[in-house]
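Read-outs: derived from the displayed coordinates by stated rules, not from any lab. It should be emphasised that the depicted structure is a prediction, and the values quoted were computed from it without experimental measurement. All Cβ positions, even for glycine, are placed from backbone atoms using ideal geometry, and neighbour counts span all protein chains on display.
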Amino acid sequence: MVERHFNSGRRRALLGLGTALISTPMPHAWAKDFPSRAISLVVPFPPGGGFDTIARPFADRLGKALGQSVIVDNRPGSGGNMGTDVVARAASDGYTLLFANDYLSTNPSVNRNVRYDPLRDFVPVSMVGTTQVVMAVRPDFPARSFEELVALSKQRSLSYGTPGAGTSPHLVGEYLSTISPLRSLHVPYKGTAPAVNDAMGGQIDMVYATSPSVAPQIAAGKLRGLAVFGEHRSTQLPDVPTLQEIGGPPVNYEVWYCVLAPASVPAPVLAAVREATRKALDADLAARLAKLGYAVRQSGPEEVTRAIRDGLQRWKTVVAKAKVSIE
């Protein structure tokens, strides 16, 4: 009777295991069926901003490469943290992706309440592109060289606005304060647009923002590009010199954009998204984004991981040295 009971139990266990195996999609099934519906590309910032400028053209091309719609889903809040947290906790099926940039490295440096781990909770797909941070001022701003800017800062307090505390324009400004005699007060805004408006209106002296965010105002003569934080001039703003060209220290920094998926996405699905991303970042998209101030950058997942890891260490050091307030 004992043996009969044991065999019966073993049969039930084997039957359960077989049922589980049948109901669990095998790797080849994932590859064959994905994608079978629209994919959500979460952009953790408001619609109409600089993020949308690069995310929407990319999403359109990615959808064509995958054969399904890729819908941009704006989930703003907390400097990108809210939307990012949504993706970190999304189903690991490849139907929810994150379009992010270097806030993945800057936010954890200034915010104790970041709930996600950018290295643990995501798997990188690819880099998408880069752009540069620009120091822009009113057309009648008296300083035109870095020496004149420093001299002015000794005569009166200068202020610079950014899209928010912990953003790369903010921390680039803090980094500049640690390697030069320039001293200026940081004024955080909830997005780039209000900072640009206040710079044009004279409420602040300078605005630090990505090239695509200030290029229209510079072209219209409402702002003057004083310098680009980068090794080379921006292709979008070829008349704006680098900081080093106007006598400042070399601050060679690029804002990068990437695509990530939640951790544990099946390998065949991840491979499909990576291949589609490679196809999406073609010459046509590169030409289109170049006009908007972005340089396309294809990469393997390792480059994304390295950029996040290096950024975490870099900005942690800057925050400590500049004594930036941590929320």
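Within the listed set 230, 173, 202, the residue fluctuating most in the Gaussian network model of the chain (springs between alpha-carbon atoms under 10 angstrom) is 202. Between residue 89 and residue 33, the C-beta separation translates, for a Förster distance of 30 Å, into a calculated FRET efficiency of about 0.80. Enclosing the Cα atoms of the chain in their convex hull gives a volume equal to 142 cubic angstrom per residue.
Stretching the chain fully between residue 113 and residue 310 yields a gain of 68.9 nm (0.36 nm per residue, less the alpha carbon separation). For residue 83, neighbours were defined as the other residues whose beta-carbon sits under 14 Å from its Cβ, and their charges (Lys and Arg +1, Asp and Glu -1) total -1. Inter-label distance, residue 252 to residue 232: 1.2 nm, where each label sits 7 Å from its Cα along the C-beta direction. Select from 40, 317, 173 the residue farthest towards the positive end of the dipole of the chain; place +1 on Cβ of Lys and Arg, -1 on Cβ of Asp and Glu, and compute about the Cα centre. After comparing all options, I get 40.
Our coupling estimate for segment 240-251, obtained by passing each phi through the Karplus curve with A = 6.51, B = -1.76, C = 1.60 and θ = phi - 60°, is 8, x, 6, 4, 5, 5, 9, x, x, x, x, 10 Hz, Gly and Pro reported as x.
Between the alpha-carbon centres of segment 228-284 and segment 154-174 there is a gap of 22 Å.
With the alpha-carbon atoms of segment 75-201 aligned to their principal axes, the span from lowest to highest coordinate is 57, 28, 26 Å, starting with the largest. Based on the Cβ-Cβ distance from residue 152 to residue 322, what FRET efficiency comes out when R0 is 30 Å, to the nearest 0.05? My answer for the efficiency is 0.90. Between residue 180 and residue 279, the C-beta separation translates, for a Förster distance of 41 Å, into a calculated FRET efficiency of about 0.40.
When the square roots of the Cα gyration tensor eigenvalues are ordered a ≥ b ≥ c, the ratio a/c for segment 196-327 is 1.5 or more and a/b does not exceed b/c, which makes its shape oblate.
Residues whose amide H comes within less than 5 Å of that of residue 204, counting only those at least five positions distant or on another chain, are 199 (H built at 1.01 Å from N in the peptide plane).
Ignoring aspartates and glutamates fewer than eight residues from residue 154 along the same chain, the ones with Cα atoms less than 20 angstrom from its Cα are 140, 174, 205. Of the residues 142, 184, 118, the one whose Cα sits farthest toward the positive end of the charge dipole of the chain, with +1 on the Cβ of Lys and Arg and -1 on the Cβ of Asp and Glu, is 118. Gap in Å between the Cα centre of segment 129-152 and the Cα centre of segment 301-327? What the calculation gives is 25 Å, centre to centre. Charging the Cβ of each Asp and Glu at -1 and of each Lys and Arg at +1, and nothing else, the dipole of segment 132-246 about its Cα centre rounds to 220 debye. In this structure the amide hydrogen of residue 210, modeled in the peptide plane, comes within under 5 Å of the amide hydrogens of 134, none closer than 5 places in sequence on its chain.
Counting only complete DSSP H runs, which helices of the chain cover 15 Å or more along their long axis at the Cα atoms and score a mean Kyte-Doolittle of -0.5 or above? Helix filter hits for the chain: 2-23, 50-66, 168-179, 267-280.
Each of 129, 82, 214 was placed along the dipole of the chain (beta-carbon charges, centred on the mean Cα), and the one lying farthest toward the positive end is 82.
Test of understanding: what is the full-extension gain from residue 64 to residue 120, defined as 0.36 nm times their sequence separation minus their Cα-Cα distance? Show your work: numbers first, answer last.
On the way: separation 56, 0.36 × 56 = 20.16 nm, distance 2.98 nm.
Roughly 17.2 nm would be gained on extension.
The magnitude of the dipole of the chain, with charges of +1 and -1 set on the Cβ of Lys/Arg and Asp/Glu and taken from the Cα centre, is near 780 debye.
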